[in-house]
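The values are calculated or read from the model by the stated rules, or taken from the named source; none is laboratory data. As the structure is a prediction and not an experimental result, all values here were calculated from the model. So basically every Cβ, Gly included, is an ideal-geometry build from the backbone, and we count neighbours across all protein chains shown. Side chains are part of the model used for accessible areas, which takes the heavy atoms of the whole protein and leaves out ligands, DNA and RNA. Shrake-Rupley method; radii C 1.70, N 1.55, O 1.52, S 1.80 Å.
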Amino acid sequence: MMPTTSSRRAAVASTPHTAPAAPAAKRDRTHYLYIAVIIAVALGIAVGFAAPDFAKELKPIGTGFVSLIKMMISPIIFCTIVLGVGSVRKAAKVGKVGGLALGYFIAMSFVALAIGLVVGNIIHPGSGMHLTEAVKGVGHTQAEAAAEGPVDFLLGIIPTTFVSAFTEGQVLQTLLIALLVGFALQAMGRTGEPVLRGVEHIQRLVFRVLGMIMWAAPVGAFGAMAAVIGETGMDALKALATIMFGFYITCFLFIVIVLGTLTKLVAKVSLFQLLKYLAREFLLIVSTSSSESALPRLIAKMEHLGVSRPVVGITVPTGYSFNLDGTMIYLTMASLFIADAMDQPMSIGQQIGLLLFMMVASKGAAGVSGSGIAVLASGLQSHKPALVDGVGLIIGIDRFMSEARAVTNFAGNAVATLLIGTWTGEVDKERVNRVLAGELPFDEKTLLDDDEADAHVDVPEQGGEKELAKA
């Protein structure tokens with residue numbers, strides 16, 4: 001006979017001093033994995049410079065590793081949201097989290113755009129560049145392949161079938177299906193308890209599979225880094241150093257000043273402690289140039305940190321489509337760079353109009369490498385077609401700027417999850433302090449705390465349907 005939730009919690013509570021010991025040993029065994037990733041990145045850079053033609057052929061290795069992780073995103077999001085939404089007592093709680101998250105995402109997008117405008121107008125990164133015929137066609141090609149319009153984007157959230165939400169790898173489609181299933185289980189009350197338990201076991205299985213995939217990270221990092229160095233070389237880096245390093249500095253200032261201030265004032269937590277806690281995820285992002293590669297681990301780590309499942313399940317996936325701070329900064333600075341490079345500077349009014357359009361167009365361009373350049377091209381095509389020819393100027397270093405975009409987007413979503421949890425009272429502050437202090441290490445092997453998982457699932461009692469009706 002399986003133990004009840006209350007008995008498992010009692011067991012955890014009765015052994016407070018022995019619980020952290022086991023995860024610490026598991027974390028130590030995976031420590032060498034991330035050392036191997038650092039070595040692999042260094043080797044990839046060396047190979048890229050020494051044998052660029054050979055290095056280009058290694059690109060499928062990095063692509064394959066990212067694809068392995070991306071195939072786990074849909075089941076992890078589904079399980080997390082179903083368990084989070086299905087276990088809360090009132091539907092209004094979920095609506096409050098989602099509404100607060102979207103409001104925060106829009107506000108931060110404006111802040112990121114403003115910072116990019118200020119820095120871009122100060123450094124004028126495109127001055128002195130010269131457009132050649134070779135790069136003129138690149139921008140038009142990117143514009144044609146850009147993201148669809150707002151109506152198509154909204155309709156695209158609806159999957160073709162219930163199952164296609166998982167097979168097509170669309171985050172927002174998975175989010176929709178998971179919310180529907182979660183609300184249905186919530187309305188079922190105790191009748192849905194066996195389903196919740198089943199989903200919980202599936203989640204543990206999925207995280208264990210992800211833990212196995214992570215052992216391929218060094219190989220993927222080597223292939224991805226070698227390919228980008230082989231394709232780019234030093235010439236493009238030297239020629240476009242101003243815009244690239246200006247963008248890096250702007251992203252750094254945004255993370256440290258804006259996100260750091262919010263984290264300290266709202267959550268009463270040091271941003272640097274949070275970033276240190278997520279250090280392995282940042283290494284993975286830099287290696288693959290995609291924040292999606294770290295999405296499943298962010299979900300697991302924010303739950304472990306002490307943020308409730310409903311908040312994590314709603315904020316993280318939604319943030320990957322709507323909270324793209326790094327992309328906002330990139331679109332701002334890249335637009336100003338191209339305008340200056342083509343000797344067609346834009347007025348402040350033109351800059352604001354263009355960037356407001358891009359803010360809308362960028363939603364849904366989740367941390368996938370290369371998505372930013374397509375949004376940039378489509379925005380210029382719509383508002384100032386003459387500048388589309390200049391998109392080719394930035395193609396050479398877009399991969400390196402993509403890394404900074406992904407890191408900034410990831411940091412923004414991690415902070416957003418903690419802030420939304422704090423505002424809604426869905427954060428265990430004592431646990432947050434203990435985790436960030438290293439007293440409760442993250443289980444790198446399973447990516448899920450077994451005892452904690454039981455404590456998170458709080459199935460509605462028989463009166464749940466009545467409470468739901470009142471909500």
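A single entry from Phe54, Phe49, Phe65 fulfils the requirement of being assigned to a helix (DSSP H, G or I), crowded, with 19+ Cβ neighbours inside 10 Å, modelled with pLDDT of 80 or more and among the hydrophobic types (A, V, I, L, M, F, W, C): Phe65. Answer yes or no: is there a residue in segment 394-409 that is over 18 Å from Thr332 (Cβ atoms) and at pLDDT 85 or above. No; the residues of segment 394-409 include none that is over 18 Å from Thr332 (Cβ atoms) and at pLDDT 85 or above. Look at segment 74-96: where a residue is modelled with pLDDT under 75 and a partner is open to solvent by 40 Å² or more (accessible area, probe 1.4 Å) and outside any helix (DSSP H, G or I), sitting 6+ places away or on another chain with Cβ atoms under 6 Å, you get Ser87/Asp458; Lys90/Ala471; Ala91/Ala471; Ala92/Ala471.
Of the residues that make up segment 362-371, is at least one at pLDDT 75 or above and touching a Gly at 6+ places or on another chain (Cβ under 8 Å)? Full working, then the answer.
Kept after step one, since they are at pLDDT 75 or above, are these residues of segment 362-371: none.
There is no residue in segment 362-371 that is at pLDDT 75 or above and touching a Gly at 6+ places or on another chain (Cβ under 8 Å).
Checking every residue in segment 224-246 against the condition of being within 30 Å of Ile314 (Cβ to Cβ) and either open to solvent by 40 Å² or more (accessible area, probe 1.4 Å) or modelled with pLDDT of 80 or more (or both) gives zero matches. For segment 182-194, a residue qualifies if it is open to solvent by 70 Å² or more (accessible area, probe 1.4 Å) and closer than 13 Å to Phe78 by Cα, and exactly one does: Phe183. Report yes if some residue within segment 276-292 is surrounded by fewer than 23 Cβ atoms within 10 Å (Cβ to Cβ), closer than 29 Å to Ile243 by Cβ, of a type in the set (A, V, I, L, M, F, W, C) and out of contact with any helix residue (DSSP H, G or I) (no Cβ under 7 Å at 6 or more places or on another chain); otherwise report no. Within segment 276-292, one or more residues are surrounded by fewer than 23 Cβ atoms within 10 Å (Cβ to Cβ), closer than 29 Å to Ile243 by Cβ, of a type in the set (A, V, I, L, M, F, W, C) and out of contact with any helix residue (DSSP H, G or I) (no Cβ under 7 Å at 6 or more places or on another chain).
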